[in-house]
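Below is one structure, written out as structure tokens, with a few remarks after it.
Throughout, read-outs are computed from the coordinates displayed, never taken from laboratory work. All values reported here derive from a predicted model rather than from experimental measurement.
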């Protein structure tokens, strides 16, 4: 597992990639959520960058779900 100091640049890159591949393509709500769920299902065993992307996607997915229920 990466330490926080090693995760930050990877997480920043993952966030940009997630936003570019989801928001910038202007998907509908269900497509956006499905993409985040898919990314969030990854684990560190899939690689450090994929693991970081999964963690970021999990946070974004939770925020998305909260915004939909508000």
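Enter the per residue convex hull volume of the stretch 29-70, computed from alpha-carbon coordinates, in Å³ rounded to the nearest integer.
47 Å³
Quick one: length gained pulling residue 63 to residue 13 fully straight, 0.36 nm per residue minus the C-alpha distance?
16.1 nm
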